[in-house]
Amino acid sequence: MEPLPTPCPAPLVPDATGAGSFDAAYRRAKSEQAVLIAIESQGAWWTVKADTLTADPNHTVDDAVTAAARDAVTRLVAAGEVRSDAYAGPVYYVLHGLESEERAREIAAALHAALYGDLRPLTAAVPAAP
């Protein structure tokens, strides 16, 4: 199996739905020393999960990225796109309640890019309120 690209584009974000799927995605990210990114179907809703503990020990996420990711999650909650129990870093992220797989993949890929230092996809996926 080919390693996932870093950052991972939306179509390649692993779907970790089902028994053992999340554990497999976590093990894969850990073996590749990459930031975990995955989506899961939970009934009619989708969840995005990211975890930086699986990354290379030298991988760092600076304070500006952490703040931008938290701000994006706050805007998603305020817009009603994710539930208020979202967890926004600094080590792991869980965003419940997305309405579609497509949107979950978009946000997952944008978050993954941010955790690798590129905030542009996150800014595009979750624009600042006017």
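Here are the numbers for this structure:
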| item | result |
| --- | --- |
| Among (1) modelled with pLDDT under 95; (2) open to solvent by 30 Å² or more (accessible area, probe 1.4 Å); (3) within 27 Å of Ala128 (Cβ to Cβ); (4) of a type in the set (A, V, I, L, M, F, W, C), the one test that Met1 misses | (3) |
| The stretch 94-130, residues that are among the hydrophobic types (A, V, I, L, M, F, W, C), assigned to a loop (DSSP other than H, G, I, E, B), open to solvent by 10 Å² or more (accessible area, probe 1.4 Å) and under 16 Å from Gly80 (Cα atoms) | Ala128, Ala129 |
| Lone qualifier among Val35, Val91 - being touching a helix residue (DSSP H, G or I) at 6+ places or on another chain (Cβ under 6 Å) and open to solvent by 40 Å² or more (accessible area, probe 1.4 Å) | Val91 |
| Hits in the stretch 22-42 (condition: in a strand (DSSP E or B) and of a type in the set (Asp, Glu)) | Glu40 |
| Criterion (in contact with an Asp or Glu (Cβ under 6 Å, 6 or more places away or on another chain) and more than 19 Å from Ala113 (Cα to Cα)) met by exactly one of Thr17, Thr47 | Thr17 |
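The values are calculated or read from the model by the stated rules, or taken from the named source; none is laboratory data. Owing to the predicted nature of the structure, the values given are computational and were not obtained by experimental measurement. Using ideal geometry, Cβ is built from the backbone for each residue, glycine included, and neighbour counts are taken over all protein chains shown. The protein model used for the area step is the full one, side chains on, heavy atoms only, and it has no ligands, DNA or RNA in it. Shrake-Rupley method; radii C 1.70, N 1.55, O 1.52, S 1.80 Å.
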